[in-house]
Amino acid sequence: MENVTQIVQHVRQAHWRVQRQWIGLFLLGLVAVSMVAGIYLNITVRATLAGREIQLLQNQLIDDQRSNSDQETLLAGLTSVASMQQRAEAKGFKPVDPGTITYVVVPGYVPQTSVDMSQPEADNQGQSQAPVLLPAYTESLFDWITRTLVASASTGGQQ
Amino acid sequence: MRKFSYWRYLTVAITLGLIGASILVQIVRIQNSPEVAGVIGQGAYIWKTFYPARGEIYDRNGNLLAGNKTVYEIGVDLTALPNAKDASLKMENDIALAAQSALGMDPADALSRMTTAPAGAQYITLEDYVAPDQADQLMTLQKNDQANPSGPNLDAVHFTAHLMRSYPENDLASTIIGYVTRDNHGYMGVEEKYDNILAGIPVTKLVPADPRQAVDYPQIEPGQTLILTIDREIQASVEKILDDALVSTGAASGTIIVMDPKTGEILAMSSTPRMNLNDYTQVSQIFPGETPFNRAISEAYEPGSVAKIFTMASALDNGTIKPGTIFLDTGTIVVGGVPIHDWDNGAWGYQDMTGCLANSLNVCLAWVSTKMGNNAFYSYMQRFGLGQLTGIDLAGEVPGRQKLPGDGDWTPVDLGTNAFGQGVAITPIQMVMAASALANNGQMVYPHVLLAEVRDGHQSDMATHIVGNPISADTAHIITNMLHDSLLKESSTALLGGYSIAGKTGTAQIPTSTGYDPVNINASFIGWGPIDNPRFLVYVWLEKPQSNKAASVVAAPIFKQVIEKLVVLMGIPPDVAVAQTTGQ
């Protein structure tokens, strides 16, 4: 029994060594937490900056739409019937006499009877397929880890 | 050595641990601080109403008739006023004086709004719908004052830009378009009829102030864009012709409608008075009392002789008469015990049916309707839609009235008088719709002003809608030719050289509460052409012209002026040119 006690005492680590290990573990944990916090802060800051940019762009979009409306209305006023007539008269134009018009047949020509305001198909597709916002800008760190793991698992499964 | 290392490690661990712990404590403290919680609670989400831009209105060629422009709401952020009473009052005074200088506001009124704001109010509006140049003046004052700390302080003045309706053509087509008030509601015309789709749907939503939630901003769909059937060049020409006609004839009011008889598309529609839509506050002065906003759809009246075309078409279709049927006009016919006379109280002798139309003989047409009988005659009038709503897509249409046998106020003489447009109240748009059956192979088209809707970049065109076939195609051709011949026969002033036109004048007495007005008349003309391939149907109505009491003198020349413009603006070649190209 005495022999056994001597062996245990012999292999037990020194007191200062145990303490150093605990301190090391604590520092390791602290560094790990700091890293996670750093990544979290980094992602959060980027998401916030992106969100702020979205807000600014949305405001800009509203301003631009308003400006477009202003410009369109202004242009319509400048090219209104009254002002165009005034400009035509100022330049010496006169209303045409129906009897003086010469009509020419243009085979295959079909005059347009009304305006077509449809946007080209390509534009519509482009609009509908445009990404609104990447998930990386909105998801939390946990969401990101989950998504990455799920994506990795599904990619691995396919392989 | 070992002891030294131990203390060194322990010191580092404790220091780092304390730093980390203090950061964590600080994070937890900030997160749970009542002060921060208050800020987050107020600012994290804000109730905000998003008003979509009102849809634009274009004419058929893409010219803007109704758009939007920027205006400003100018208010005061009461929370930005200093807490000290004197300082607050000084700033309020500064703002009131600036509002007077830039906006022309009464400074006492501006000051009163700020000082009498309800307790707890954070914001008050000084003025809304401020023009950008006025708002710019105030913004400049604010900037200048910020650069000069000892000067007036306008920091609490807040500018909010938004859109308001604008009509670049002012009064052009105003009776068709209608107007929009400051509460974004459409009144009259297209603005009222299509208010729901033009206005879009305002969305009120809790909006996150947190930028990380910015994606939750609502996407507001703007109001739908509308394209009208109106051609602004034709509309402008028609309005000018009408305005000139009122001056030259001394008429109290007038109406002109131009429609494509094959599709029902209204190319122009004008009536008087009209208003500048940008100044809708004048509406009650311009349209006092019962004055209709758009006479073309909202004023029913006795049309008189123009209605004879429907009687004649019905009788031809019914087989009661043929174009060559001869009638002996003795100057009087008795219907229901009441004698009916011709417009000149004369006797016109033997007349074929074309002669009856050309000479506009009341006696002849009363004879035709009595030959048809009540059932057949009124059945046809119903099929033509007389006295009924056409359903045109404009707000404010009235039905008028066609009395029918069995109605309390119907008397047997009505069968005779209704045949030449007396004792019946119809609107100009009903007249145009009914006449489209004569011009369009018997097919009566639905009159409309909406050509297409545009949403999300896709244009949906409105289809032509046939509302009935009151007469056969053969009858339509026959009556058209009869009306063409009758115009030639009377050398009508409505005729335009080179173009085949069918038409009919209408000189109608005006009923009053004591009988017919002995002085004033309604003068009208309805016509279409070219008769082989009708491209236009035009109705002219002048109310109480003073220069002459005959429609052939006052209304027919107006019709000619309109079609003179139409053939140019619509590129309609003369009949000879068409015959050459088609080898006829």
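Worth pointing out:
- Cα-based convex hull, segment B:48-228, per residue volume (Å³, whole number): 164
- When peptides B:415-428, B:156-169 are sorted by average Cβ neighbour count within 10 Å, with the highest value leading, the order is B:415-428, B:156-169.
- Local electrostatic count, B:Phe525, Cβ distance below 12 Å [Lys/Arg +1, Asp/Glu -1]: +2
- Here each label is just a point 7 Å from Cα along the line to Cβ, and for A:Ser140 and B:Leu328 those points are 10.5 nm apart.
- Basic side chains Lys and Arg get +1 at the Cβ, acidic Asp and Glu get -1 at the Cβ, and with that the dipole of the protein assembly as shown about its Cα centre reaches some 2700 debye.
- Placing a pseudo-label 7 Å from each Cα along the Cα-to-Cβ vector at A:Ser154 and A:Ala82 gives an inter-label distance of 6.2 nm.
- Peptides ranked, highest mean first, by Cβ atoms within 10 Å: ranges B:438-445, B:87-94, B:493-500: B:438-445, B:493-500, B:87-94
- A straight chain from B:Ser150 to B:Thr581 at 0.36 nm per residue would run longer than the Cα-Cα distance by 146.9 nm.
- When the helices of the protein assembly as shown are scored as -39500 (n - 2.57) per DSSP H run of n ≥ 4 and the total is divided over every residue, the value at 222 nm lands at -14000 deg cm²/dmol.
- Within segment B:48-228, antiparallel bridges make up roughly 90 percent of the DSSP beta bridges whose residues both belong there.
- Peptide B:464-472 has a mean shielding of 0, counted as Cβ atoms of other protein chains within 10 Å of each residue's Cβ.
- Relative packing of B:52-62, B:267-277, which averages over residues the other C-beta atoms within 10 Å, highest first: B:267-277, B:52-62
- Between A:Ala37 and B:Ala161, the distance separating the two model label sites (each 7 Å from Cα on the Cα→Cβ line) works out to 4.4 nm.
- Start at zero, step by 20 Å, and the Cα-Cα distances of the protein assembly as shown spread as 13, 33, 24, 16, 8, 4, 2, 0 percent across the bins.
- With Cα atoms, 0 to 90° folded angle of helix B:85-103 axis to chain B main axis: 30
- This model, with +1 at the C-beta of Lys and Arg and -1 at the C-beta of Asp and Glu, gives segment B:202-336 a dipole about its Cα centre of some 160 debye.
- Cα pair distances in chain B, grouped into 10 Å bins until the bin that holds the longest one, percent each: 3, 14, 20, 17, 12, 9, 8, 6, 4, 2, 1, 1, 1, 0, 0
- Charging the Cβ of each Asp and Glu at -1 and of each Lys and Arg at +1, and nothing else, the dipole of chain B about its Cα centre rounds to 1500 debye.
- For the peptide B:564-571, the mean number of other protein chain Cβ atoms found within 10 angstrom of a residue's Cβ is 3.
- Between B:Glu290 and B:Thr512, residue separation times 0.36 nm minus the direct Cα-Cα distance comes to 78.3 nm.
- Amide N of segment B:253-293 lying under 18 Å from the label point, which is placed 7 angstrom from the Cα of B:Tyr129 along Cα→Cβ: B:275-287
- Degrees separating the helix B:232-249 axis from the principal Cα axis of chain B, which is the longest one: 60
Taken together, the values in this text are just the output of simple stated rules run on the coordinates, not laboratory data. These figures come from a predicted structure and were not determined experimentally. For neighbour counting, all protein chains shown are included, and Cβ atoms are generated from backbone atoms with ideal geometry for every residue, glycine included.
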